[in-house]
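K.L.:
One structure coming up, written as structure tokens, with questions to follow.
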Amino acid sequence: MINQTSSPYVAGSSSSEEMRRVFQMQRDAFSQRQPRSYAERIDALDALLAAILHHKMDLVEAMSEDYGHRAPQESLLMEMFPVVDEIRYMKRNLKRWMRPERVRTTLQLWPSRTSVFKQPLGVVGIMGAWNYPLYLTLLPLVDVLSAGNHAMIKPSELAPRTAELIQQMLAGIFPPEYVSVILGGTEAASLFSSLPFDHLLFTGSSRVGKLVMRAASENLTPVTLELGGKSPALVHESFPMSLAADRICSAKFWNAGQTCVAPDYAMVPEARLDEFLDAARAVTARRLPNPATTPDYTRMIDRSHWDRMAALVEDARCKGAQIYQIGAATETGNTEDRMFPPTLVTNVNDRMRIMQEEIFGPVLPILTYPSIDTAIQYINQHAHPLALYYFDHSRSRVRHILERTTSGGATINDCIFHLSESNLPFGGVGASGMGAYHGLDGLNTFSHRKGVLAMDRAVSWSMARFLKPPYTRWSDRILRFLLRPSS
Ligand code: NAD
């Protein structure tokens, strides 16, 4: 059962001693007890699910306050639903996944029994990013607890109200030696990443990912890095431009582009640019007719991110880009309430900052390509993206694109949706990250998969016996058999 305690949670910015104390308390608690049973893990998931649903509207409000304004539907759809869905998915599958996996035994050891035994790792650290402050802390927590671990969470300081509410909510259902939330800024985050966790999951930029990996390496702590990058949306000439524009723009302007798997830029055939642009402008104006007043449009998380967007657009304009912003009187956006209008950019080149760094905001550069091969070449000349989107109904061309490009994941004929499929691993590759979670991949990431061989008595007494000195004719025969010429 879950203990209901009012526990000494670390509030405000945590000192190094406090953090180490909580860590040691968790480590001791983990090592002094039996591994959590299936029933205990299900209890934990149930408690988490009940708490999330109980605090549903408080969480939505906290996220909206952190953003200055965010459409409640976006918080419910893109933060709460995936966590709730992951809990339900884990509950449906956990019993089966927790069982030792029987695997085949090779000829030379047959009929010994071989299996993979899953064990919790211990204390797992979770460092979340601000853009989906609930999803990026609680979805990993679901996987970490399902695998039987204890967890320390460091939410982002850029979404402080949500972080505090998560802390209070978890303190109400879990004792601190099981789940703890650490609050604080970059200094606390840096200290947190230096704790000797049994596994550390970090979500954030590639720049900070390197620092986290360096700190973790001092303790040989394995890391899962969920980073970002420039995810392309490539449209084949045979695909209806209006449909592609609708799907790409909708995905781009969700959460005002502050989504790690948002399409960073679009690539369309040269001859279809005008068609795509017209459709993109029309659909965005229809979905978000006046971004300054519609309740459906989210703000930039803080002033520095608003300023960064304005600087990116200005840099592109100065270098010859055409800028199209959606909404009346929103030519430059609104600094006070951090509304940055949906922005489409054409005439783009690689000298512009929008093509050099991850945009992470509501600005969509639209590139053109002369042939699909040049588009593939362009994508492959850049760092591996977190996601790739390809619009085409030809299965053979889809396969060709998937084989020729490397990305963390992909959605075909739409954007972002692969992230919501619990049966798929979610993670980056190369500069966009390492390791994966969600569903079975999450359970495996946060478990030690111990290979176990139960030696058969007959094998011990026959073949294995002759593989030790003093070597005999039988040893040579067995070695000849093992190294026999065969295909
Ligand atoms: P960030 O890397 O700038 O900051 C992340 C966190 O790192 C901050 O909360 C900060 O406290 C902490 N930090 C700063 N310095 C540190 C240090 N020296 N050691 C340890 N921690 C330190 O990223 P961000 O602005 O929070 O998020 C944006 C980035 O995250 C984008 O690149 C986006 O693509 C990526 N992202 C990825 C995913 C994913 O699932 N792959 C999800 C969301 C966001």
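Here, each number is a calculation from the coordinates, and none is a lab measurement. Everything numeric here is computed off the predicted structure, so don't read it as measured data. Here Cβ is always computed from backbone atoms with ideal geometry, including for glycine, and neighbour counts include all displayed protein chains.
K.L.:
Within the set of pairs 6 or more residues apart or between chains, which connect a residue that is under 18 Å from Met78 (Cβ atoms) inside the stretch 233-261 to a residue that is within 16 Å of the ligand (Cβ to nearest atom) and in a helix (DSSP H, G or I) with Cβ atoms less than 7 Å apart?
P.N.:
Pairs found: Trp254/Glu74; Trp254/Met78; Asn255/Glu74; Asn255/Met78; Val261/Leu419.
K.L.:
Name the residue that is nearest to the ligand (Cβ to nearest atom), counting only residues in the stretch 194-208 that are more than 11 Å from Lys154 (Cβ to Cβ) and of a type outside the set (A, V, I, L, M, F, W, C).
P.N.:
The selected residue is Ser205.
K.L.:
Shifting gears a bit: Considering (1) part of a strand (DSSP E or B); (2) farther than 16 Å from Leu227 by Cβ, say which one Leu200 fails and leave the rest.
P.N.:
The one condition Leu200 does not meet is (2).
K.L.:
Would you mention how many residues in the stretch 25-70 are of a type in the set (S, T, N, Q) and over 24 Å from Val124 (Cα atoms)?
P.N.:
Result for the stretch 25-70: 1.
K.L.:
I'd like the residue in the stretch 209-233 that is in a loop (DSSP other than H, G, I, E, B) and within 6 Å of the ligand (Cβ to nearest atom) and, out of all such residues, is surrounded by the fewest Cβ atoms within 10 Å (Cβ to Cβ).
P.N.:
Leu227
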